[in-house]
Amino acid sequence: MIAFGNEVLLCAYNEKKTGRRKYLELHWLRKWLHSWKNTGSTAQEQLVQPEIRRKKNVFSPMTYRNPYITFMHLIIEQVLRQKKLSYQKMELVIIDAEDGRDEDDEDIQMVLYELRQLNYLLLVTDRPDRYEQFTDEMYEENGLIVQQLSKSASGQPRGNLVLDFERSSGILGVQASDTKAVYLPVYKRPWEIGENLDILVPVGYNTLVVDGILPPEWQTDDAVNERIIKDRMIDRLDREFRKG
(Lines give C-alpha, C1' and ligand atoms only; values in the text may rest on other atoms or scores of the structure.)
Protein backbone atom coordinates (compact mmCIF):
# COMPACT_ATOMS: atom_id res chain seq x y z
CA MET A 1 0.00 0.00 0.00
CA ILE A 2 1.37 3.43 -0.98
CA ALA A 3 -0.10 6.62 0.56
CA PHE A 4 -0.26 9.80 -1.48
CA GLY A 5 -1.95 12.80 0.16
CA ASN A 6 -5.51 11.71 0.87
CA GLU A 7 -5.31 8.98 -1.73
CA VAL A 8 -4.32 5.40 -1.01
CA LEU A 9 -2.97 3.19 -3.72
CA LEU A 10 -3.44 -0.51 -3.23
CA CYS A 11 -0.95 -2.59 -5.13
CA ALA A 12 -2.27 -6.06 -5.64
CA TYR A 13 0.33 -6.96 -8.13
CA ASN A 14 2.92 -9.63 -7.46
CA GLU A 15 6.25 -7.84 -7.64
CA LYS A 16 8.08 -11.05 -8.60
CA LYS A 17 5.78 -11.78 -11.50
CA THR A 18 4.97 -8.36 -12.93
CA GLY A 19 7.31 -5.73 -11.44
CA ARG A 20 4.28 -3.36 -11.40
CA ARG A 21 4.71 -2.42 -7.75
CA LYS A 22 8.04 -0.69 -8.41
CA TYR A 23 6.57 0.99 -11.47
CA LEU A 24 3.56 2.30 -9.53
CA GLU A 25 5.74 3.48 -6.65
CA LEU A 26 7.94 5.36 -9.10
CA HIS A 27 4.89 6.74 -10.90
CA TRP A 28 3.34 8.13 -7.73
CA LEU A 29 6.68 9.41 -6.46
CA ARG A 30 7.07 11.41 -9.64
CA LYS A 31 3.49 12.64 -9.28
CA TRP A 32 4.15 13.68 -5.67
CA LEU A 33 7.35 15.51 -6.62
CA HIS A 34 5.53 17.32 -9.41
CA SER A 35 2.78 18.34 -7.01
CA TRP A 36 5.32 19.45 -4.38
CA LYS A 37 7.11 21.60 -6.93
CA ASN A 38 3.84 23.22 -7.96
CA THR A 39 2.95 23.83 -4.33
CA GLY A 40 6.33 25.39 -3.77
CA SER A 41 5.85 27.51 -6.86
CA THR A 42 2.43 28.60 -5.66
CA ALA A 43 3.88 29.48 -2.27
CA GLN A 44 6.59 31.50 -3.95
CA GLU A 45 4.00 33.26 -6.08
CA GLN A 46 2.00 34.02 -2.96
CA LEU A 47 5.11 35.57 -1.46
CA VAL A 48 5.85 37.50 -4.63
CA GLN A 49 2.32 38.82 -5.21
CA PRO A 50 2.26 41.13 -2.15
CA GLU A 51 5.66 42.43 -3.21
CA ILE A 52 4.28 43.17 -6.68
CA ARG A 53 1.28 44.93 -5.15
CA ARG A 54 3.61 46.97 -2.95
CA LYS A 55 5.63 47.95 -5.99
CA LYS A 56 2.47 49.10 -7.72
CA ASN A 57 1.78 51.39 -4.75
CA VAL A 58 5.33 52.68 -4.45
CA PHE A 59 5.31 56.43 -3.85
CA SER A 60 6.71 58.64 -6.61
CA PRO A 61 6.89 62.42 -6.23
CA MET A 62 6.67 62.77 -10.02
CA THR A 63 3.16 61.27 -10.18
CA TYR A 64 1.74 61.89 -6.70
CA ARG A 65 -1.50 63.84 -6.41
CA ASN A 66 -1.99 65.46 -3.02
CA PRO A 67 -5.60 64.75 -1.94
CA TYR A 68 -5.69 67.52 0.66
CA ILE A 69 -5.09 70.59 -1.50
CA THR A 70 -8.61 71.88 -0.89
CA PHE A 71 -7.95 71.77 2.87
CA MET A 72 -4.50 73.35 2.69
CA HIS A 73 -5.51 76.68 4.22
CA LEU A 74 -7.02 74.86 7.22
CA ILE A 75 -3.99 72.60 7.50
CA ILE A 76 -1.66 75.59 7.47
CA GLU A 77 -3.66 77.32 10.22
CA GLN A 78 -3.40 74.27 12.47
CA VAL A 79 0.28 73.73 11.69
CA LEU A 80 0.95 77.34 12.67
CA ARG A 81 -0.89 76.87 15.97
CA GLN A 82 1.10 73.74 16.76
CA LYS A 83 4.32 75.60 15.92
CA LYS A 84 3.17 78.56 18.06
CA LEU A 85 3.11 80.96 15.12
CA SER A 86 0.26 83.39 14.56
CA TYR A 87 -1.37 83.64 11.14
CA GLN A 88 -0.75 87.40 11.14
CA LYS A 89 2.98 86.85 11.53
CA MET A 90 3.19 84.12 8.90
CA GLU A 91 5.71 84.89 6.17
CA LEU A 92 4.67 82.52 3.42
CA VAL A 93 7.07 81.29 0.75
CA ILE A 94 5.60 79.49 -2.27
CA ILE A 95 8.09 77.48 -4.33
CA ASP A 96 6.58 77.30 -7.78
CA ALA A 97 5.96 74.04 -9.64
CA GLU A 98 7.95 72.97 -12.67
CA ASP A 99 6.80 74.24 -16.04
CA GLY A 100 4.38 72.11 -18.05
CA ARG A 101 2.41 70.73 -15.09
CA ASP A 102 -1.06 72.20 -15.45
CA GLU A 103 -2.59 70.25 -12.55
CA ASP A 104 0.13 71.48 -10.20
CA ASP A 105 -0.50 75.04 -11.36
CA GLU A 106 -4.18 74.58 -10.54
CA ASP A 107 -3.23 73.36 -7.06
CA ILE A 108 -1.12 76.48 -6.49
CA GLN A 109 -3.89 78.79 -7.69
CA MET A 110 -6.39 77.08 -5.38
CA VAL A 111 -4.11 77.47 -2.36
CA LEU A 112 -3.27 81.09 -3.15
CA TYR A 113 -6.90 82.12 -3.57
CA GLU A 114 -7.82 80.47 -0.26
CA LEU A 115 -4.95 82.26 1.54
CA ARG A 116 -6.01 85.81 0.72
CA GLN A 117 -5.39 87.59 4.03
CA LEU A 118 -1.60 87.63 4.01
CA ASN A 119 0.87 90.16 5.35
CA TYR A 120 3.84 88.68 3.48
CA LEU A 121 4.12 86.45 0.43
CA LEU A 122 7.17 85.46 -1.58
CA LEU A 123 6.86 83.54 -4.85
CA VAL A 124 10.01 81.65 -5.79
CA THR A 125 9.42 81.24 -9.50
CA ASP A 126 10.93 81.47 -12.95
CA ARG A 127 7.48 82.26 -14.40
CA PRO A 128 6.52 85.69 -13.00
CA ASP A 129 4.15 86.41 -15.89
CA ARG A 130 1.94 83.52 -14.78
CA TYR A 131 1.24 85.23 -11.46
CA GLU A 132 0.78 88.75 -12.77
CA GLN A 133 -3.00 88.78 -12.39
CA PHE A 134 -2.82 87.33 -8.89
CA THR A 135 -0.20 89.83 -7.71
CA ASP A 136 -2.28 92.70 -9.12
CA GLU A 137 -5.37 91.47 -7.29
CA MET A 138 -3.49 91.07 -4.03
CA TYR A 139 -2.27 94.66 -4.25
CA GLU A 140 -5.70 96.04 -5.18
CA GLU A 141 -7.61 94.09 -2.53
CA ASN A 142 -5.14 93.94 0.38
CA GLY A 143 -2.43 96.44 -0.45
CA LEU A 144 0.08 93.58 -0.39
CA ILE A 145 3.10 93.76 -2.67
CA VAL A 146 3.88 90.13 -3.51
CA GLN A 147 7.63 89.52 -3.52
CA GLN A 148 9.14 87.41 -6.29
CA LEU A 149 12.48 85.66 -6.51
CA SER A 150 14.07 83.55 -9.21
CA LYS A 151 14.82 79.93 -8.35
CA SER A 152 18.38 80.43 -9.49
CA ALA A 153 18.94 83.40 -7.19
CA SER A 154 21.69 82.97 -4.62
CA GLY A 155 21.02 83.16 -0.93
CA GLN A 156 18.04 82.02 1.07
CA PRO A 157 14.68 83.78 0.90
CA ARG A 158 13.00 85.31 3.89
CA GLY A 159 10.05 83.42 5.31
CA ASN A 160 8.90 81.23 8.20
CA LEU A 161 6.59 78.85 6.32
CA VAL A 162 7.57 77.25 3.01
CA LEU A 163 5.05 75.53 0.76
CA ASP A 164 7.04 73.61 -1.84
CA PHE A 165 5.22 72.66 -5.07
CA GLU A 166 8.30 71.34 -6.85
CA ARG A 167 8.65 67.64 -7.58
CA SER A 168 12.11 67.04 -8.98
CA SER A 169 14.33 68.84 -6.46
CA GLY A 170 15.26 67.39 -3.10
CA ILE A 171 13.64 67.97 0.27
CA LEU A 172 14.49 71.44 1.56
CA GLY A 173 15.91 72.32 -1.85
CA VAL A 174 15.01 75.96 -1.26
CA GLN A 175 14.96 77.00 2.37
CA ALA A 176 13.88 80.09 4.23
CA SER A 177 16.59 82.11 5.96
CA ASP A 178 15.14 81.19 9.34
CA THR A 179 16.37 77.71 10.23
CA LYS A 180 13.18 77.25 12.26
CA ALA A 181 10.97 77.80 9.23
CA VAL A 182 8.20 75.25 8.72
CA TYR A 183 8.72 73.40 5.44
CA LEU A 184 5.77 71.59 3.80
CA PRO A 185 6.61 69.51 0.70
CA VAL A 186 3.35 69.22 -1.23
CA TYR A 187 4.38 66.37 -3.53
CA LYS A 188 7.80 65.14 -2.42
CA ARG A 189 6.41 63.08 0.46
CA PRO A 190 3.01 61.38 0.74
CA TRP A 191 0.33 63.04 2.87
CA GLU A 192 -1.49 60.19 4.56
CA ILE A 193 -4.60 59.69 6.64
CA GLY A 194 -4.32 58.34 10.15
CA GLU A 195 -6.75 57.28 12.85
CA ASN A 196 -9.89 59.33 13.42
CA LEU A 197 -9.41 61.03 10.03
CA ASP A 198 -6.17 62.67 11.17
CA ILE A 199 -3.93 64.00 8.40
CA LEU A 200 -0.27 63.05 8.67
CA VAL A 201 1.39 66.18 7.33
CA PRO A 202 5.03 65.98 6.20
CA VAL A 203 7.08 68.75 7.79
CA GLY A 204 10.58 68.51 6.40
CA TYR A 205 11.68 64.96 7.18
CA ASN A 206 9.25 64.72 10.10
CA THR A 207 5.48 64.31 10.34
CA LEU A 208 2.88 66.42 12.11
CA VAL A 209 -0.56 65.09 13.03
CA VAL A 210 -3.40 67.46 12.12
CA ASP A 211 -6.94 66.63 13.21
CA GLY A 212 -10.47 67.98 12.99
CA ILE A 213 -10.23 69.05 9.34
CA LEU A 214 -11.59 66.23 7.21
CA PRO A 215 -15.40 66.01 7.08
CA PRO A 216 -17.10 62.96 8.64
CA GLU A 217 -18.13 61.68 5.21
CA TRP A 218 -14.50 61.42 4.15
CA GLN A 219 -13.82 57.80 3.26
CA THR A 220 -10.84 55.73 2.27
CA ASP A 221 -12.66 55.06 -1.00
CA ASP A 222 -10.89 57.11 -3.67
CA ALA A 223 -14.10 57.64 -5.63
CA VAL A 224 -15.79 59.23 -2.61
CA ASN A 225 -12.76 61.41 -1.91
CA GLU A 226 -12.58 62.59 -5.52
CA ARG A 227 -16.26 63.54 -5.43
CA ILE A 228 -15.78 65.56 -2.24
CA ILE A 229 -12.75 67.32 -3.74
CA LYS A 230 -14.62 68.15 -6.95
CA ASP A 231 -17.61 69.47 -4.99
CA ARG A 232 -15.35 71.77 -3.00
CA MET A 233 -13.59 72.93 -6.17
CA ILE A 234 -16.95 73.73 -7.77
CA ASP A 235 -17.99 75.67 -4.65
CA ARG A 236 -14.75 77.68 -4.74
CA LEU A 237 -15.02 78.42 -8.45
CA ASP A 238 -18.65 79.45 -7.96
CA ARG A 239 -17.61 81.88 -5.21
CA GLU A 240 -14.88 83.32 -7.41
CA PHE A 241 -17.31 83.71 -10.31
CA ARG A 242 -19.88 85.51 -8.17
CA LYS A 243 -17.17 87.68 -6.62
CA GLY A 244 -15.73 88.66 -10.03
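Just give me the residues in segment 79-90 being open to solvent by less than 20 Å² (accessible area, probe 1.4 Å) and either of a type in the set (Ser, Thr, Tyr) or part of a helix (DSSP H, G or I) (or both), in sequence order. I'd like the intermediate steps shown before the answer.
As a first pass, look at segment 79-90 and keep what is open to solvent by less than 20 Å² (accessible area, probe 1.4 Å): 79-80, 90.
Within segment 79-90, 79, 80 qualify.
Inside segment 97-212, counting only strands (runs of 3 or more DSSP E) that do not spill past its ends, which hold 1 or more residues that are crowded, with 18+ Cβ neighbours inside 10 Å and without any contact (Cβ under 8 Å) to a residue 24 or more places away in the chain?
Working: elements: 121-124, 147-149, 161-164, 182-185, 199-203, 206-210.
Passing ranges, in order: 182-185, 199-203.
The values are calculated or read from the model by the stated rules, or taken from the named source; none is laboratory data. Since the structure is predicted, the reported quantities are computational estimates derived from the model, not experimental observations. Every residue, glycine as well, gets a Cβ built from its backbone with ideal geometry; the counts of neighbours run over all protein chains shown. SASA here: full protein model, heavy atoms, side chains in, ligands and nucleic acids out. Shrake-Rupley method; radii C 1.70, N 1.55, O 1.52, S 1.80 Å.
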